[in-house]
Amino acid sequence: EVTHRGSQTAVPCLFMRGGTSRGPFFDARLLPGDPGLRDAVLLAAMGSPDARQIDGVGGGHPLTSKIGLVRPASAAGVDLEWTFAQVQPAGTTVDTSSNCGNMLAAVVPFALETGMIAATADRTTARVLTLNTGMVAEITVATPADRAGARHIAYEGAARVDGVPGTASPVEIGFLDTAGSVAGSLLPTGRTRDTLDVPGLGPVDVTLIDNGQPLAIVAAGRLGATGYESPSEIDADEELRARVEALRLVCGEAMGLGDVSARNYPKMTLVAPARHGGTLSTRSLIPRVCHQSIGVLAAVTAATACVLDGSVAHELATAVRGTDPTVSVEHPSGSFDVTLARDAADPRRVTRSALLRTARLLMAGDVLVPRSVWDPA
Ligand code: NQM
């Protein structure tokens, strides 16, 4: 329950890592119902706007400036529903319009920790609805019993996620209906490849695709990059980032997303042939700084592009075969394996994707926001 501590309002919060992201998770029912007030509270909690988020719990990077708002499901056929909120550290908006599969990995652990759902067997599976885009995922975690028979979520284990040190207990995620999460359809232009005229760059070939995350996929070489740069090299290259942003604005319009200058998508995916035995090398801009690895649904979407004949990704990728291929998406800190299920009659249609993440509860307590923010009367 929400309490007061002197001049501040204290709201219960679990601080969690989900995959390669991190942020505060709240019981959505405890936050103000008014959207404007809720956003003001979330910005104050994170310490935004401020590039360092020094006056809040945000970590000063888009990957550590994410929030999860979880509650028991009201819809039939699902157990939990949650809203993912992205705050850009220096930004003033709380964006709930797109997905985050990394933060999603912490939702079931959060629900078990807070008693929203109970574990009754060694593995607990819950169906989670992401309210941002209406996407449903089936998520399984390990919930062993102690000697007294009480079950808890296991955090320790042998699963490895590139971009996270060490190993941890696996969080298995299966996605069903991710196509067109934000852009309305898998291929919003109806084509696997478009040639766009970009100011200052001329004609650029791209694949515009959304299988859970809207992506613009472009050959790194076309933008004067190798596609093997480190994230800090990309972030330091103002000219490259300006070319990427110019292309992004044109892609946003072409995808039917309108003016995306203030949006967190499309994520710009620079691709090149794989160098470490995987399928394709990627550098993902989210969208203005480079991801240290790649987002979950960004990886699902890039993997999907690898199996579409004619796409920019397919052209540079190692051949992918079979109806249930595992596509290995290389990124700056390793690789991300996505297993796709394809329709036997139409192998261009991806019907399901499965992958592994890990998550961990890092801290439990209250986040404090000034009372004047919570209760501005
Ligand atoms: O694409 C970062 C992340 C993400 C999103 C971003 C993500 C996804 O790694 O599903 O996970 O693209 O801004 O948390």
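The values are calculated or read from the model by the stated rules, or taken from the named source; none is laboratory data. What you see is a predicted model; the values in this text were computed from it and never measured. FYI the Cβ positions are ideal-geometry reconstructions off the backbone, even for glycines, and counts take in every protein chain you see.
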Candidate set: region 276-303, residues that are under 10 Å from the mean Cα position of the chain (by Cα) and assigned to a loop (DSSP other than H, G, I, E, B); chosen: the one farthest from the ligand (Cβ to nearest atom): 294
Among the polar types (S, T, N, Q), more than 22 Å from the chain's Cα centre (by Cα) and not in a strand (DSSP E or B): does that describe residue 323? yes
Pairs under 7 Å by beta carbon, first residue surrounded by 20 or more Cβ atoms within 10 Å (Cβ to Cβ) in region 163-177, partner among the aromatic types (Phe, Trp, Tyr) and at pLDDT 95 or above, six or more apart or different chains? 168/155
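For every residue, the table says whether it meets (1) under 20 Å from the mean Cα position of the chain (by Cα); (2) closer than 26 Å to residue 311 by Cβ.
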residue: 148; (1), (2): no, no
residue: 157; (1), (2): no, no
residue: 174; (1), (2): yes, yes
residue: 197; (1), (2): no, yes
residue: 213; (1), (2): yes, yes
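With the structure loaded, tell me whether residue 19 is small (Gly, Ala, Ser), in contact with a helix residue (DSSP H, G or I) (Cβ under 9 Å, 6 or more places away or on another chain) and within 15 Å of the ligand (Cβ to nearest atom) or whether it fails that test.
Judged against the criteria, residue 19 is a match.
Can you tell me how many residues in region 257-275 are under 21 Å from the mean Cα position of the chain (by Cα) and either among the basic types (Lys, Arg) or more than 16 Å from the ligand (Cβ to nearest atom) (or both)? Before you say what the answer is, go through the steps one by one.
Here is the first cut: in region 257-275, the residues under 21 Å from the mean Cα position of the chain (by Cα) are 257, 260-271.
When the remaining residues are screened for being either among the basic types (Lys, Arg) or more than 16 Å from the ligand (Cβ to nearest atom) (or both), the result is 261, 263, 267.
Summing the residues that are under 21 Å from the mean Cα position of the chain (by Cα) and either among the basic types (Lys, Arg) or more than 16 Å from the ligand (Cβ to nearest atom) (or both) in region 257-275 gives 3.
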Scanning region 130-159 for residues that are of a type in the set (D, E, K, R) and in contact (Cβ under 8 Å) with a residue 24 or more places away in the chain, the one nearest to residue 210 (Cα to Cα) turns out to be 138
Exactly one of these conditions fails for residue 6: (1) on the phi < 0 side of the Ramachandran plot; (2) loosely packed, with under 14 Cβ neighbours inside 10 Å; (3) of a type outside the set (Phe, Trp, Tyr). Give me its number. (1)
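The rows are residues; the columns are (1) in contact with a helix residue (DSSP H, G or I) (Cβ under 9 Å, 6 or more places away or on another chain); (2) of a type in the set (A, V, I, L, M, F, W, C).
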residue	(1), (2)
310	no, no
314	yes, no
322	no, no
340	yes, yes
343	no, no
350	yes, yes
Selection from region 18-57 of residues of a type in the set (Lys, Arg), without any contact (Cβ under 8 Å) to a residue 60 or more places away in the chain and surrounded by 15 or more Cβ atoms within 10 Å (Cβ to Cβ) yields 38
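Which one of 220, 216 is under 25 Å from residue 354 (Cα atoms), in contact with a strand residue (DSSP E or B) (Cβ under 7 Å, 6 or more places away or on another chain) and of a type in the set (Gly, Ala, Ser)?
None of the other options fit; the residue is 216.
Of all residues being of a type outside the set (A, V, I, L, M, F, W, C) and not in a helix (DSSP H, G or I) in region 304-316, which is surrounded by the most Cβ atoms within 10 Å (Cβ to Cβ)? Just the residue, please. Please lay out each step first, then the result.
Step one: list which residues in region 304-316 are of a type outside the set (A, V, I, L, M, F, W, C), which gives 304, 309-311, 314-315.
Applying the additional criterion that residues be not in a helix (DSSP H, G or I) yields 309-311.
On the way: 309: 10, 310: 11, 311: 25.
My answer is 311.
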